[in-house]
Every structure is written in structure tokens, then in C-alpha cells.
1. If we scan region 92-103, do we find a residue that is in a helix (DSSP H, G or I), crowded, with 23+ Cβ neighbours inside 10 Å, among the hydrophobic types (A, V, I, L, M, F, W, C) and touching a strand residue (DSSP E or B) at 6+ places or on another chain (Cβ under 8 Å)?
2. Looking only at region 81-124, filter to residues that are modelled with pLDDT of 95 or more and of a type in the set (Lys, Arg); which one of those is farthest from Ile47 (Cα to Cα)?
3. For Arg107, which of the numbered conditions (1) farther than 16 Å from Leu35 by Cβ; (2) in contact (Cβ under 8 Å) with a residue 40 or more places away in the chain; (3) of a type in the set (Lys, Arg) fails to hold?
4. Quick one: which of Arg107, Arg119 is surrounded by fewer than 24 Cβ atoms within 10 Å (Cβ to Cβ) and more than 17 Å from Glu2 (Cβ to Cβ)?
5. Scan region 104-131 for residues that are closer than 27 Å to Val61 by Cβ, part of a loop (DSSP other than H, G, I, E, B) and among the charged types (D, E, K, R) and report the count.
6. May I ask you to verify whether Ala12 is among the hydrophobic types (A, V, I, L, M, F, W, C) and either more than 14 Å from the chain's Cα centre (by Cα) or within 21 Å of Lys194 (Cα to Cα) (or both)?
Amino acid sequence: MERSSAVIYVRALRVGDSEIGLAEIAGRPMIEYVLDSVPDDVDDIVIAVEDGAGMEVYDQVAEKYFARAERAGKIEGNVRKFVELAIRTVEGDRLVILPCNAPLITREFTTFLLECSSRFSGAFPRTPARKTLYLMASYRKKPFKEVFEAFPDEDMDGIVKRVRGTLYLASNSLRIFDERLGMFFRVSSTQDLKKAEKILKMRSRS
């Protein structure tokens, strides 16, 4: 039976006085909202922390969610480097990668992403501006591992083109999970934290 994994990617960035994943929304670290969205049938969860910033607190969060926190080293925005690291780190045959600063993401959406990896080698959402997201996507481990090894100098666009059976998800098709496409909202400032908190409170009332 195939196993599945989830990797939460934590950039070495800060929001206000906090490490980005630990910035609070309604009294909780932002990363917890992303962890809450991880599909139920995931077998292992990895919190991959770039440069190990705030590891002690991430270890505590990981324990709460039966996950493990790992130092990811310096990624510095190199998407291919992180995806390759995630694929080599996880135990599962399939995995979903999620960013730590997407607190509006829902379990319905992440479950769909992971389910796509049962039928496709990879599933990649595209924003309304048609930007392909590789750090909020699902992968089958084997085909990507093989292509990474065969083409060490390719960027992620080139890697995906070489993997057979991948799927791009147009933003309009994702409105069935969230009409406002909240999965694309990223927190990068204290103002974004306040906006996310307001939206989450509205959701809880509906």
C-alpha cells in the first residue's frame, strides 16, 4: 500500500518580531493553520525549516501534530532545491508540499491535491496571473526523483516538462474549494496577519 507525506516549507523570513511560521493569528502560530489543513490520510508530516531558524519552537509545534521538524539548510528561493530535498526526505510514495504562510488553505483543497498524485505524477496550481506553484503542489516521488538525478542543472519548469503525466490546475477550477481563492493568499506582513485573522473569523461564523 502506498504511503503519503506532507511537507510544510518554512522560509527563513520574519513577520514583525516573529519567524514567519510562528507569527500569530488569533493567538496561534500561523503554521498551525496550515498543519490543520493536512489531509487525514497522510502518514508522515515534515516541517522543513530553512536555516533552522526558530527550531526549538517548531519542534514543539511538530510534537503537537505528530510531525517532525527538520533543518532544510539555505534554500534562498531555489524552488528546485527545496522540492528535491522534500522528495528525498519524506517516507511516502506521494507527497504534498505546502507553504507555512498560507493560513487560508483548507483541508478540502489539500486533500484534492494529494488525491491528484494517485493519478498524476504531479499536480500544480496556477494563480490567476498564471504563475505555476511548485511549493503548493503534489508529487509522486519516483518519477521526480529519477528526473532530478538525470538532469541536475534543470530548473523546476524544465524538470516538470520532462516528467510524464503531470497536471496543471487552473485557478478558476479551484473555486469549487474556495470562491475567493484563499489558498493563494500569502502572509508577508503584519497587515496580512490582520487580514487573515479577519477572514478566518468570518469563516468560523458561516
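The values are calculated or read from the model by the stated rules, or taken from the named source; none is laboratory data. Predicted model, so just to flag it, every value in this text is computed and none were measured. Note: ideal-geometry Cβ built from the backbone for every residue, glycine included; neighbour counts use all protein chains shown.
1. Checking region 92-103: not a single residue is in a helix (DSSP H, G or I), crowded, with 23+ Cβ neighbours inside 10 Å, among the hydrophobic types (A, V, I, L, M, F, W, C) and touching a strand residue (DSSP E or B) at 6+ places or on another chain (Cβ under 8 Å).
2. Arg119
3. The failed condition is (1).
4. That would be Arg107, the only listed residue that is surrounded by fewer than 24 Cβ atoms within 10 Å (Cβ to Cβ) and more than 17 Å from Glu2 (Cβ to Cβ).
5. Total satisfying the criteria: 0.
6. Yes.
The rows are residues; the columns are (1) over 17 Å from Arg88 (Cβ atoms); (2) among the hydrophobic types (A, V, I, L, M, F, W, C); (3) touching a strand residue (DSSP E or B) at 6+ places or on another chain (Cβ under 8 Å); (4) surrounded by 15 or more Cβ atoms within 10 Å (Cβ to Cβ).
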| site | (1), (2), (3), (4) |
| --- | --- |
| Phe112 | yes, yes, no, yes |
| Thr127 | yes, no, no, yes |
| Lys141 | no, no, yes, yes |
| Lys145 | no, no, no, no |
| Ile159 | no, yes, no, yes |
| Ser171 | yes, no, yes, yes |
| Leu181 | yes, yes, no, yes |
| Phe185 | yes, yes, no, yes |
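Residues are listed down the side, and each one gets a yes or a no for (1) closer than 21 Å to Phe120 by Cβ; (2) not charged (D, E, K, R):
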residue	(1), (2)
Leu169	yes, yes
Arg175	yes, no
Glu179	no, no
Arg186	no, no
Gln191	no, yes
Ala196	no, yes
Arg203	no, no
